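The values are calculated or read from the model by the stated rules, or taken from the named source; none is laboratory data. These numbers come from a predicted model, not from an experiment. Reconstructed Cβ throughout: ideal geometry from the backbone, glycine too, with neighbour counts over all protein chains shown. Remember, those area values only see protein heavy atoms, side chains included, never the ligands or the DNA or RNA. Shrake-Rupley method; radii C 1.70, N 1.55, O 1.52, S 1.80 Å.
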Amino acid sequence: MSTAPDGLLDILAKARRIVAFTGAGMSTESGVPDFRSPGSPWMANKPIPFDAFVSSAAARREAWRRKFTMDDLYRDAQPAEGHRALASLHRAGRLAGLITQNIDGLHQAAGLPPEDVVEIHGNGTYATCLECSHRHELAPIRAHFEAHGHAPACDACGGLVKSATISFGQRMPAGAMARAVELARSCDLFLVAGSSLVVYPAAELPVLARQNGATLVIINREPTPLDDLADHVWRGEIGSIFRQIDAG
Ligand code: NAD
């Protein structure tokens, strides 16, 4: 197990098919707090579980209030070094795909084509109808919420409109999960960055990749439960570790 970043460029150079897997730690250098680090505003504004959202108007109100509170904290976030490095790896034709647990759209903002970003926990920059999947933009929802104290129903079918993220207790998006599994199975290097690897089923993907013969690399500030399974673990700040890739 490597403990220094020196060999990362070599590992990348040897790989034929690289897949990246990112978590909230990827975006902390953009000013978007992660979920579990101390003092996280996500703890004070915890996402409302899916069942409560569906069954209770009061829970929906609170969900939207927390959502807009969090949006105000990180609306202006811009891609950081890690996002840019992965985008440059993709531009160089070296990144087959990227699976992210993040909902902030910052990989796409860094230049990764949306079709190569698999968002297994959805996307918080817009909303969708839970009935007909029609897309809704957040600005008109917010204006309605601030005027009436609740979000509007879907104008296409009257269904409940919810942020396009996957809440606790909500079914994982089947298409995105199938693509993520396919990417994990078909790569020879699975590069994890900025995830505590405690959220399931997302954390099964590195295991799947490793079982299918891929080299598993984990880059994270803190230990993760999968470090022992990994071929290489770098503990440190994503920006300083990924800087080599941008230069490489
Ligand atoms: P997590 O909060 O559980 O873990 C993040 C990990 O990143 C932690 O282990 C932390 O030590 C590490 N980290 C933080 N900043 C780092 C840095 N600069 N360099 C290296 N490591 C760093 O996040 P998770 O594993 O993604 O799971 C949390 C869930 O919350 C996910 O499902 C995700 O959808 C959601 N979430 C998303 C965002 C986002 O979109 N930016 C933010 C918070 C939470």
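The sole residue among 179, 210, 185 that is open to solvent by 50 Å² or more (accessible area, probe 1.4 Å), part of a helix (DSSP H, G or I) and either farther than 19 Å from residue 119 by Cα or not basic (Lys, Arg) (or both) is 210. The number of residues in the range 36-69 being in contact with a strand residue (DSSP E or B) (Cβ under 9 Å, 6 or more places away or on another chain) and over 16 Å from residue 166 (Cα atoms) comes to 0. Beta carbons closer than 8 Å, at least 6 apart along the sequence or on distinct chains, pair a first residue in the range 149-178 that is on the phi > 0 side of the Ramachandran plot with a second that is part of a loop (DSSP other than H, G, I, E, B) and at pLDDT 95 or above for 158/131; 169/49. Residue 239: near the ligand (Cβ under 9 Å from one of its atoms) and farther than 24 Å from residue 45 by Cβ, yes or no? Answer is yes for this residue. Looking only at residues in the range 29-70 that are modelled with pLDDT under 95, farther than 22 Å from residue 137 by Cβ and assigned to a helix (DSSP H, G or I), the one that is farthest from the ligand (Cβ to nearest atom) is 44. Looking across the range 188-207, the residues that are within 16 Å of the ligand (Cβ to nearest atom) and open to solvent by 10 Å² or more (accessible area, probe 1.4 Å) come down to 196, 198, 199, 200, 201, 204, 207.
Summed over the range 71-115, the residues that are of a type in the set (Asp, Glu) and outside any helix (DSSP H, G or I) give a count of 2. Residues in the range 188-207 that are part of a loop (DSSP other than H, G, I, E, B) and over 29 Å from residue 53 (Cβ atoms): 188 only. Residue pairs whose Cβ atoms lie under 6 Å apart, sitting 6 or more positions apart in sequence or on different chains, and linking a residue in the range 74-92 that is in contact (Cβ under 8 Å) with a residue 60 or more places away in the chain to a partner that is open to solvent by less than 50 Å² (accessible area, probe 1.4 Å) and part of a loop (DSSP other than H, G, I, E, B), are 84/110.
Within the range 128-162, work out how many residues are of a type outside the set (A, V, I, L, M, F, W, C), assigned to a loop (DSSP other than H, G, I, E, B) and either more than 18 Å from residue 104 (Cβ to Cβ) or open to solvent by less than 60 Å² (accessible area, probe 1.4 Å) (or both). Don't jump to the end; show me each part of the working.
Keep residues of the range 128-162 that are of a type outside the set (A, V, I, L, M, F, W, C), which gives 128, 131, 133-137, 140, 142, 144, 146, 148-150, 152, 155, 158-159, 162.
Still in the running and assigned to a loop (DSSP other than H, G, I, E, B): 131, 133-134, 137, 149-150, 152, 155, 158-159.
Still in the list and also either more than 18 Å from residue 104 (Cβ to Cβ) or open to solvent by less than 60 Å² (accessible area, probe 1.4 Å) (or both): 131, 133-134, 149-150, 152, 155, 158-159.
Matching residues across the range 128-162 total 9.
Here residue 170 meets each of (1) open to solvent by less than 50 Å² (accessible area, probe 1.4 Å); (2) out of contact with any helix residue (DSSP H, G or I) (no Cβ under 7 Å at 6 or more places or on another chain) with one exception, condition (2).
Taking the range 89-103 as the range and being open to solvent by 30 Å² or more (accessible area, probe 1.4 Å) and over 19 Å from residue 13 (Cβ atoms) as the test, only 103 passes.
Here 125, 165 are screened, and the one residue that is under 18 Å from residue 61 (Cβ atoms), within 14 Å of the ligand (Cβ to nearest atom) and either open to solvent by 20 Å² or more (accessible area, probe 1.4 Å) or within 13 Å of the chain's Cα centre (by Cα) (or both) is 165.
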